[in-house]
1. State all residues of the range 271-292 that are farther than 13 Å from R252 by Cα and surrounded by 20 or more Cβ atoms within 10 Å (Cβ to Cβ); if no residue qualifies, say none.
2. Across the range 141-197, what is the number of residues that are of a type in the set (D, E, K, R), surrounded by fewer than 17 Cβ atoms within 10 Å (Cβ to Cβ) and under 25 Å from C210 (Cβ atoms)?
3. Determine, yes or no, whether F295 is over 18 Å from the mean Cα position of the chain (by Cα) and surrounded by 16 or more Cβ atoms within 10 Å (Cβ to Cβ).
4. So, restricting to strands (runs of 3 or more DSSP E) that lie completely within the range 159-278, which ones have at least 2 residues that are assigned by TED's automatic domain parsing to the domain that holds M293, farther than 19 Å from L294 by Cβ and touching a residue at least 24 places away in the same chain (Cβ under 8 Å)?
5. If I ask for residues that are surrounded by fewer than 19 Cβ atoms within 10 Å (Cβ to Cβ) and over 19 Å from the mean Cα position of the chain (by Cα), which ones from the range 298-313 would you list?
Amino acid sequence: MTEVVKNVEAAVKAAAARAAVTDIFFVACGGSNALLMSGHYAVEREAGKIASFSYSSAEFLARAPKRLGKGSIVILCSHSGNTPETVAAAKYAREAGALTISFTNVENSPLDQASEAAILYQYNPLAVSEDHAAPMLMRLVFGILAAREGNGKLAKVEKALAGMAKTIEGVIAHHKPSIAAWAESYKREPVIYTMGSGANWGSAYSFAICILQEMQWVHSAAINAGEYFHGPFEVTDFDVPFIILKGLGNARKMDERALAFAEKYSKRLLVLDAAEFGLEAQAGDAAEYLTPMLFTALLRAYAVALADSRGHPLTVRRYMWRMEY
C-alpha cells in the first residue's frame, strides 16, 4: 500500500468518525476545481442523505454558506498547495468546525498545513496511476459514501483503478493518428468550443479554461450539453470547431442530442466517446464516474500535439506567475 493510499484511508476514517455528515463541499480553483467536479457529481448521484456542493474557492468564501459547520466535510485541492483563495477557504472551513481534507502535490505547503487531512498525490498529465489525484478522489468519495451510507460501489471503483494506467495507455495509443491529424488541422483556429455534461463537465471545463485559454491563448468556452439548445447552439456553423465528450450514464442522452445537432451544421467536430474506453466491462455501473480521468488524459495528449503544431509550448504564460494579480 502506497503512502497516498494510506492518506486516503486516514481521511476516510476521519470522515467516518464524525458525529454526523450532512454535506460535502468541493472547493478549489481552475484545473483543481475541475478535478473535484467529478467527486461532486458522484456524491450527488450516489448519496441518499449527504448533500453536495461545488465552488470555486473565492466564491466559497464570498458566499459563506450558512450550512457550513460540524456536519460538513470540505474537500479542497491546490497542486502547488499555495493558492491563496484555497488556503483561505481551508482555514475558514476549519474554523467553522468542518472536517477539511486537501489534495496537494507539495508536502508542508500552506494548504497541507491548513488542513486536518492531506492527500499528497503524484502528478503526470498524460497518465494515471493509483497515486494520482483523480483516482485518489474517487477512492475518497466512495470510501466516505461506504462508511457513512453503506454505498457498495467502492470495490468496483478500486477494481477499475487497478488497471487504469494500462487502459489510458491503450486509449491514447488508439487515438495517436487522430491526435496528430487534429493538431495540424486545428492549429490556426482562433476559437474552439468544448462540450460535455454529467461526470465529464469538469473535463470539458478544464480543457476550455486551462488548456485552450491559459496554455494556448485560444478563445474557448465550455458548453454544457444540456444547455447547448438554450443559447450556445446559435454559434454552430460549418467552420466552427467543437470538441464533444460523450459520457456514460444518464447524461449520455444529453451528449447524444447535442452531437446530433452539431453534426448537421458543423464540419469541424472532434468527438471522443467514453463507450469506446472499455470501462463498463471493468467497473459496471460505476464506470461513468471514472470517465473524467480518461478524458482528461486523452485531451492532454491532444493538447500536447496542438501546442507542438502551433509552436506555443503549454508552459508559456503571459500573466500567470509572472506578475502580481
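The values are calculated or read from the model by the stated rules, or taken from the named source; none is laboratory data. Everything quoted here is computed from the prediction, not taken from an experiment. Note: ideal-geometry Cβ built from the backbone for every residue, glycine included; neighbour counts use all protein chains shown.
1. F277, L279, A283, A286, L290, P292
2. 4
3. Values: over 18 Å from the mean Cα position of the chain (by Cα): no; surrounded by 16 or more Cβ atoms within 10 Å (Cβ to Cβ): yes.
Taking the combined requirement at face value, the residue does not satisfy it.
4. Details: elements: 193-196, 222-224, 242-246, 269-273.
Correct list: 222-224.
5. Across the range 298-313, the qualifying residues are D308, S309, R310, G311, H312, P313.
Quick grid of which residues meet (1) more than 16 Å from the chain's Cα centre (by Cα); (2) buried (at least 24 other Cβ atoms within 10 Å of the Cβ):
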site	(1), (2)
S57	no, yes
P65	yes, no
L68	yes, no
G71	yes, no
I75	no, yes
N82	yes, no
T86	yes, yes
A90	yes, yes
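Results for (1) outside any loop (DSSP other than H, G, I, E, B); (2) at pLDDT below 95; (3) assigned by TED's automatic domain parsing to the domain that holds R139, shown as yes or no for each residue.
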| position | (1), (2), (3) |
| --- | --- |
| L68 | no, no, yes |
| V74 | yes, no, yes |
| A88 | yes, no, yes |
| S102 | yes, no, yes |
| E107 | no, yes, yes |
